[in-house]
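**Q** This is the structure, below, for whatever I ask next.
The values are calculated or read from the model by the stated rules, or taken from the named source; none is laboratory data. Predicted model, so just to flag it, every value in this text is computed and none were measured. Ideal geometry is used to build each Cβ from the backbone, glycine not excepted, and the neighbour counts take in all protein chains shown.
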Amino acid sequence: MFKNLKEFRDYYIDHEIKIVDFKIIDLAGRWHHLTIPASRFSEKILEDGIGFDGSSYGFLTVEKSDMVFKPDLSSAFLDPFSKIPTITMIGNIYSLGDETKRFEGDPRYVAQKAEKYMKDTGIADKALFGPEFEFYILDHISFENSSNHMEVYLDSEQAQWNTNKRDIKNLGFKVGHEGGYHVDIPADINFNLRNSIMLMMEEHGVPVKYHHPEVGGPGQLEIELSFGGLVEMSDRTMLSKYIIKNEAIKHNKTVTFMPKPFVGEAGNGMHVHLQLFKDNEAIFYDEKGYSQLSKTALYAIGGILKHSPSLMAFTNPSTNSYKRLVPGYEAPVSICFATANRSSVVRIPGYAKKPDAKRFEFRPSDATCNPYLAYSALLMAMLDGIKNEIDPVKEGYGPYDVNVFDLPEEEKKKIKGLPKSLEEAAAALEKDHEFLLEGGVFDLGIIKDQIKRIREDFSKINTIPHPMEYEMYFDL
């Protein structure tokens, strides 16, 4: 939004800004914030930064946890949810020592380094990312986890279980089990809310391709973004989730991006469309190639498929992620590629036929990821595949232009599967991370932090009894 301090000061005066709020990303992908009076924002803050405790953000491998963040003026936006006029900026993280320097484990710095490394390789000078956000808009969420009481209760006004509700006025038009895809109003009760969200995203520099109701009956929705660069799209992803959640709260609704919030209903993915360009030329297109893909594109697919088990530690870093990634819900679990096939890890959209539109889609990822790390890892896997000419056909990854779940058992056995748990993803990253270290993009510190964090999550969930276990085993 601002190129320099003068532009900020002019805007601050003209718009009577009273507050400056700073957003800082943690390892898991949550924004934290710190706030100052706008009158205190100065050149000194831009130069020296503001101190904070990095260990509270999940950065555990640093010897000293005292850090500073420095605001990025270009990331500023007028916060739509603050009652007092407020400018919000994203902070870049710096470590303290003999000199103040960028913290290698800052997820935003990882994304910036990934873009630089891509250009240094000479393979491409622009990577574009296009995520699809799936989420549920709910009317109620309550849960408890104590030693003798484990409970979660979700409710959605449009869900089929409310068809017989009598305690309040009931006008019908509920949405059946897995019956939500593109359902029209009046059953689509969130239409106006989605429009408000879309317009607010557009006003804040997040171009929206479209939005619509998704398959899940209890209020599942999708918003797909137009393409953007790696750092740009990472910032947009964080801002999108911020707007979606807070606008829903403003309308007395709540939102979850959890990959599998409901039993038996469709899960929430975050499919990511990927493109590479050089000198404004699309390098993924070849009219004569398979599905009009160039060899470069196939090598990029090869890199992603080869590294997909370890990528999951960044693209699917929650225990809940692996309750979505099961056969039967259009969630990809097979390490293969194909055209217009939703059961494969990599899908080539059949409708994208022009050179500038030619792309492929990584389907397993979900929005519990830290976007800076997930998008960077995907780019590094593509670049590794291109550099080492990893041919997905020769590696046995396909193409499988059929639903892999319908293949004979002998054919299915030939296709490797994604990790089935967060622990398996952590083990895969432990074994396969050298490609992430190229060009100093990721460092061992952030990889170790990620492995430690997700293993702790897995261990915590793995030791808690599940209510279904009582149904299955209590009487044995």
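**Q** Can you spot a residue in region 309-331 that is part of a strand (DSSP E or B) and within 22 Å of Ala114 (Cβ to Cβ)?
**A** For region 309-331, residues part of a strand (DSSP E or B) and within 22 Å of Ala114 (Cβ to Cβ): absent.
**Q** Kindly list the number of the only condition in (1) without any contact (Cβ under 8 Å) to a residue 12 or more places away in the chain; (2) closer than 27 Å to Ala428 by Cβ that fails for Tyr299.
**A** (1)
Listed here are the residues, each with its yes/no results for (1) surrounded by 23 or more Cβ atoms within 10 Å (Cβ to Cβ); (2) not β-branched (Val, Ile, Thr).
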| residue | (1), (2) |
| --- | --- |
| Ala374 | yes, yes |
| Asn388 | no, yes |
| Val393 | no, no |
| Tyr400 | no, yes |
| Asn403 | no, yes |
| Pro408 | no, yes |
| Lys414 | no, yes |
| Leu418 | no, yes |
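**Q** Name the residue that is surrounded by the most Cβ atoms within 10 Å (Cβ to Cβ), counting only residues in region 184-198 that are under 25 Å from the mean Cα position of the chain (by Cα) and among the hydrophobic types (A, V, I, L, M, F, W, C).
**A** It comes out as Ile197.
**Q** Within region 91-131, track down each residue that is over 16 Å from Met380 (Cβ atoms), within 21 Å of the chain's Cα centre (by Cα) and among the small types (Gly, Ala, Ser).
**A** Gly91, Gly130
**Q** Additional query: Would you confirm whether or not region 165-180 contains a residue that is among the polar types (S, T, N, Q) and farther than 30 Å from Tyr375 by Cα?
**A** Looking through region 165-180, at least one residue is among the polar types (S, T, N, Q) and farther than 30 Å from Tyr375 by Cα.
**Q** Now, a different point. Which residue, of Ala76, Ala127, is within 30 Å of Leu298 (Cα to Cα) and surrounded by 14 or more Cβ atoms within 10 Å (Cβ to Cβ)?
**A** Every option except Ala127 fails the conditions.
**Q** Next question. For region 1-39, give me the residue count where each residue is touching a residue at least 12 places away in the same chain (Cβ under 8 Å), of a type in the set (D, E, K, R) and on the phi < 0 side of the Ramachandran plot.
**A** Adding up the residues that qualify gives 6.
**Q** Which fully enclosed strands (runs of 3 or more DSSP E) of region 1-115 have 2 or more residues being at pLDDT 95 or above?
**A** 19-25, 31-37, 66-78, 86-95
Residue by residue, here is whether (1) buried (at least 22 other Cβ atoms within 10 Å of the Cβ); (2) modelled with pLDDT of 95 or more; (3) outside any strand (DSSP E or B); (4) among the small types (Gly, Ala, Ser) holds:
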position: Met200; (1), (2), (3), (4): no, yes, yes, no
position: Lys209; (1), (2), (3), (4): no, yes, no, no
position: Pro218; (1), (2), (3), (4): yes, yes, yes, no
position: Thr237; (1), (2), (3), (4): yes, yes, yes, no
position: Asn246; (1), (2), (3), (4): no, yes, yes, no
position: Ile249; (1), (2), (3), (4): no, yes, yes, no
position: Leu274; (1), (2), (3), (4): yes, yes, no, no
position: Ser291; (1), (2), (3), (4): no, no, yes, yes
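**Q** Moving on. Phe435 is checked against (1) in contact with an Asp or Glu (Cβ under 6 Å, 6 or more places away or on another chain); (2) under 21 Å from Thr319 (Cα atoms); (3) among the aromatic types (Phe, Trp, Tyr) and fails just one. What number does that condition carry?
**A** Looking at each condition in turn, Phe435 falls short on (2).
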